[in-house]
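Colleague: Once you've had a glance at the structure underneath, I'll fire off some questions.
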Amino acid sequence: MKRINVAVIGCGYIAEHYYIPNLLSIPEAKLVALCDINEERLKIIRSKINLPHISFYKDYNKILERDYIDAVVICNPTRTHVKIVLDAIKMDKHVFIEKPMAISLNEAKGIVSIAKKERESYGWMSNAFLIHIEAHSETLIMKPEDGILLDYTCHFIDLLRWYLDGNNISSVLAMLYFDKKYNKEIGASLLLRFDNGVLGIINTFWLYNYTTWAAVNRYVGIVGTKGKIIIEQSDPTLTIYKEGTLLSRLVGLHRIMPRYAIHPKLPLSQIAYRKELEHFIDSILRDKEPKPNAEDAASVLYIIELSKKVFLQ
Amino acid sequence: MKLGEPIVSIVDVDKARGVKKAIYKAINLTGGLKPKKGSLVAIKPNLCTARKSPETGVITNVEVVKAIIDYLNDQCDDIQILIVESNSDRSADEAFRRLGYHELEDIYSNVKLKNLSKDRTIKIIPNFSHKISIIEIPETLLKINYLISVACLKRHVNERYTGIWKNSYGLLPYKPIRIKMHPFLSEVLFALNTMFWPDLSIIDAETALEGPGPIEGIPINLGKILCSRHPLAIDLVALKMIGEKCSKVPHIKYAMKHLKLDEKEIAVILDKGSLRSYLDFNEINEIYNLKFIPKSAYLLYRLSMRIRKLSIYLENIGYLFSLMGYTLRTPFKEEVIKGRIMPLKAILSTILNFILKIEVAERIYG
């Protein structure tokens, strides 16, 4: 069986709890190397995952030099993404980047053009989009270093683009709410219009200093001419209305549970991370374009920059 | 929820004219059914076994279903019809083949047979159930526009009677889950019927079954077809007809209580077209007094249900401990303990729900 040798660059919380365990649970993937600039982090990770075939590195270039490593999963802070991604592409590696792709559109464009030039089968997954959907609110856990647009709203722009695959965004309206302490936007309302006339509304807010997750609420509502679907993440259910069906006629909106959910009250985050990694590995094995790819990611950054510009105007 | 009128028609089957006339008349007496163009109509017969002939009253006679298909095609020439059933003691495919249903696909170009046990499933959260948290149902049921339930009139060792209300149990795709959920039959049936309330309910009472039904009973000729838009009202009339009290049939009693159906609201319309109150039934129609199994045997059946009910609650506690163990070994432990994921009161309520609510689905954890 053909397996993809994968290395993880950046072993912070998200790598430790989501990417590493999920990579270990995908039979087609073989986790062969871990890298973190912080030796203490590496020690912690080594104490938890001490498999003989996994090598540990402080310098990511050492990973990129290894020919047997096919793909890298980059979980570093956003500001360090660009250099690592460009280096990885140059070294013929498939790349999976934890969102967002880069800090600015120019950086992202650089990645796309090089990836195209090198004619690589490049991979990009901004987040667990296959299951995770949209957010209307989120608990603020860390300092808003990059602002909500780059750090959080990007997921949902990505998602909207995925839903409306093949349609470009023709116009954008944006309103932002700024936090005085950090001078960063912590709330964003975007109204997007696609080529085919579909409207996308994204409202993302960080709930400041909330002590529980009780107020966290993420959902996508899709309204069509003959039906409606609401996808909830914190309460992992799909609420559906399909005009004319017996069930909708009788009970109206009805809720169904995703196939992998084990209970309506238990979150799906682990499964979502695994699904995106599985898609990445599968794309490499089958030599097909992943969704979203680098171009998609650059488009997201384009929309973010445009939103900021529109707001300032 | 919009329910059908509790009007029940009772029509005699004239052997010389065939069952088709009786079906047409029974449906028309309750107001008829005219499906919209392009719609998908599901017919759910009762094929609980593939090893009984249609004359025994154990399974729905294919001739009855054929007459319903003819009726539907007469009402609208652009509909698709699905005959749906899930596996029972034999596979539904075998039942379709041996009981003559497979011929329907050859006769009618718009009819297809659907073994629900082979369908993709989805887990649905019932809107009107206090007891059932999740039900796993075949995906096909989400797509149908109309449902017609066609049951037999039978005695049932666990429940005393089975008719339309219980026919919906066959919409559950997995037989092991159906067997496991027998102790919560009333709750499951209530959830299923309120989600998939049949647009038409027809009881094939040409032959009824007395004694140790639903499979091993003794056939009794009644020569009747019953029809209604209200699946519970039709069962109440059928119960009256066989001389059984509705309060003695657990799933009917439960449904009456939760639907708040008043017997006074039910009307019966006979062959000759006169509308009468259900309360006057004794005066207008013959009572057949179908025999049942000995009381001691029935009580043992009910006792076994009680014990099995308890075991399901205990199993829920077991699953809960597994989940708690899982939580304590994940990074969420701290968050849960600090009450950041949800407040303590909400956690306790979730735990209680987890123990007391029933999942009618294959569990994928534990």
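The values are calculated or read from the model by the stated rules, or taken from the named source; none is laboratory data. All figures in this text were calculated on a predicted structure; none of them were measured in a lab. In this analysis, Cβ positions are derived from the backbone assuming ideal geometry, glycine residues included, and neighbour counts consider all displayed protein chains. Only protein heavy atoms, including side chains, enter the accessible area calculation; ligands, DNA and RNA are left aside. Shrake-Rupley method; radii C 1.70, N 1.55, O 1.52, S 1.80 Å.
Colleague: Near B:K345, which lysines are there with a Cα under 19 Å away, not counting those fewer than 8 places off in the same chain?
Modeller: Straight-distance partners of B:K345: A:K265, B:K333, B:K357.
Colleague: To the nearest 500 deg cm²/dmol, what mean residue ellipticity at 222 nm is calculated for chain B from DSSP H runs of n ≥ 4 alone, each contributing -39,500 (n - 2.57), summed and divided by the residues?
Modeller: For chain B, the value works out to -11500 deg cm²/dmol.
Colleague: Starting from the Cα of B:H182, step 7 Å along the direction of its Cβ; do the same at B:L270; then give the gap between the two resulting points in nm.
Modeller: It works out to 3.9 nm between the two label points.
Colleague: Going by average Cβ density within 10 Å per residue, which order do the peptides B:148-155, B:305-312, B:86-93 take, highest to lowest?
Modeller: Final packing ranking: B:148-155, B:86-93, B:305-312.
Colleague: Let me ask something else about it. Where a Cα-Cα gap under 13 Å defines reach, which aspartates and glutamates qualify for A:K181, not counting those fewer than 8 residues away within the same chain?
Modeller: A:E145
Colleague: For A:249-262, what's the mean count of beta carbons from other chains sitting within 10 Å of each residue's beta carbon? Could the numbers behind the result be given before it?
Modeller: Numbers: counts 6, 12, 10, 2, 1, 6, 6, 9, 9, 2, 5, 1, 3, 10.
Partner Cβ neighbours, averaged per residue: 6.
Colleague: Using a 1.4 Å probe on the protein chains only, how many percent of the accessible area of the protein assembly as shown belongs to carbon and sulfur?
Modeller: The value for the protein assembly as shown is 53 percent carbon and sulfur by accessible area.
Colleague: Ok, one more. Set Lys and Arg Cβ to +1 and Asp and Glu Cβ to -1, take the dipole of chain B about its Cα centre, and tell me which of B:I83, B:S349, B:L33 lies farthest positive.
Modeller: After comparing all options, I get B:S349.
Colleague: What distance in nm separates the simple spin-label points at B:N73 and B:D89, each placed 7 Å from Cα in the Cβ direction?
Modeller: With each label placed 7 Å out from Cα toward Cβ, I get 3.3 nm.
Colleague: Now, a different point. Just to confirm, what accessible area per residue do you get for chain B at 1.4 Å probe, in whole Å²? Write out the running numbers ahead of the final one.
Modeller: Details: 15630 Å² over 366 residues.
Accessible surface, normalised per residue, equals 43 Å².
Colleague: Next question, about the same structure. Over 27 Å between Cα atoms: which of A:K242/B:K264; B:K112/B:K257; B:K131/B:K180 fall into that group? Please list the in-between numbers first.
Modeller: On the way: A:K242/B:K264 35 Å; B:K112/B:K257 37 Å; B:K131/B:K180 15 Å.
In this structure, A:K242/B:K264; B:K112/B:K257 lie more than 27 Å apart at Cα.
Colleague: Heavy-atom accessible surface, probe 1.4 Å, ligands and DNA/RNA ignored: which residues of region B:123-150 lose at least 50 Å² versus the isolated chain?
Modeller: So the qualifying set is B:K123, B:I125, B:N127, B:L142, B:N145.
Colleague: Now, a different point. To check you understand DSSP bridge types, tell me what percent of the beta bridges within the protein assembly as shown (both residues inside) are antiparallel, rounded to 5.
Modeller: 55
Colleague: Step through the residues of region B:69-83 one at a time and calculate ³J(HN,Hα) from phi using the Karplus curve (6.51 cos²θ - 1.76 cosθ + 1.60, θ = phi - 60°), rounding each to whole Hz and writing x for Gly and Pro.
Modeller: Each residue of region B:69-83 in turn: 4, 4, 4, 4, 5, 5, 7, 8, 8, 10, 9, 10, 10, 10, 9 Hz.
Colleague: Please identify the trypsin sites (Lys or Arg not before Pro) of region A:161-247 that satisfy two criteria: DSSP loop assignment and at most 10 other Cβ atoms within 10 Å. Which are they? If you can, show how the numbers build up before the last one.
Modeller: Working: sites: A:R161, A:K180, A:K181, A:K184, A:R193, A:R218, A:K226, A:K228, A:K242; in loops: A:K180, A:K181, A:R218, A:K226.
Here the trypsin sites (Lys or Arg not before Pro) that fit, given the DSSP loop and packing criteria, are A:K180, A:K181, A:K226.
Colleague: Straight distance only, please: which lysines reach the Cα of B:K291 with their own Cα at less than 21 Å, same-chain residues fewer than 8 apart left out?
Modeller: Hits, sequence-local ones excluded: B:K52, B:K154, B:K166, B:K224, B:K240, B:K245, B:K248, B:K253.
Colleague: Between A:N61 and A:K83, what is the label-to-label distance in nm when each label sits 7 Å out along the Cα-to-Cβ direction?
Modeller: 1.0
Colleague: Using only Cα atoms, find the angle between the long axis of helix B:231-241 and the longest principal axis of chain B, and express it within 0 to 90 degrees, rounded to the nearest 10.
Modeller: 60
Colleague: Another one. Using heavy-atom solvent-accessible surface (probe 1.4 Å) with all chains present, what is the largest-first order of A:F311, A:F280, B:F321?
Modeller: Values: A:F311 65, A:F280 5, B:F321 130 Å².
Of A:F311, A:F280, B:F321, the descending order of accessible area is B:F321, A:F311, A:F280.
Colleague: Convert each backbone phi in region B:142-159 into a coupling constant with the Karplus relation 6.51 cos²θ - 1.76 cosθ + 1.60 (shift: θ = phi - 60°), then list the ³J(HN,Hα) values in order as whole Hz, x for Gly and Pro.
Modeller: Those phi angles translate into 6, 9, 6, 9, 9, 10, 10, 9, 10, 10, 9, 9, 9, 6, 9, 4, 7, 10 Hz.
Colleague: Just to verify a number: FRET efficiency for B:E103 and B:A16, C-beta to C-beta distance, R0 = 30 Å, to 0.05?
Modeller: 0.80
Colleague: How many square angstrom of accessible surface are buried between A and B, both sides summed, with a 1.4 Å probe and rounding to 100?
Modeller: In total, chains A and B hide about 2900 Å² from solvent.
Colleague: Please give the solvent-accessible surface of A:K30 in Å², to the nearest 10, using a probe radius of 1.4 Å with every protein chain present.
Modeller: Using a 1.4 Å probe on the heavy atoms, I get roughly 70 Å².
Colleague: I've got another one for you. Assuming R0 = 35 Å, what is the FRET efficiency of A:A215 and A:K43, from their Cβ-Cβ distance, to the nearest 0.05?
Modeller: 0.45
Colleague: Moving to a separate point now. Could you rank A:W206, B:W165 by how accessible they are, 1.4 Å probe, largest area first? Show your work: numbers first, answer last.
Modeller: Working: A:W206 25, B:W165 0 Å².
Ranked list, largest accessible area first: A:W206, B:W165.
Colleague: Ignoring everything but the protein chains, give the 1.4 Å probe accessible area of B:F96 in square angstrom, nearest 10.
Modeller: Taking all protein chains as shown, B:F96 has close to 10 Å².
Colleague: Roughly how many Å² of A:M175 are accessible to a 1.4 Å probe, to the nearest 10?
Modeller: The accessible area of A:M175 comes to roughly 130 Å².
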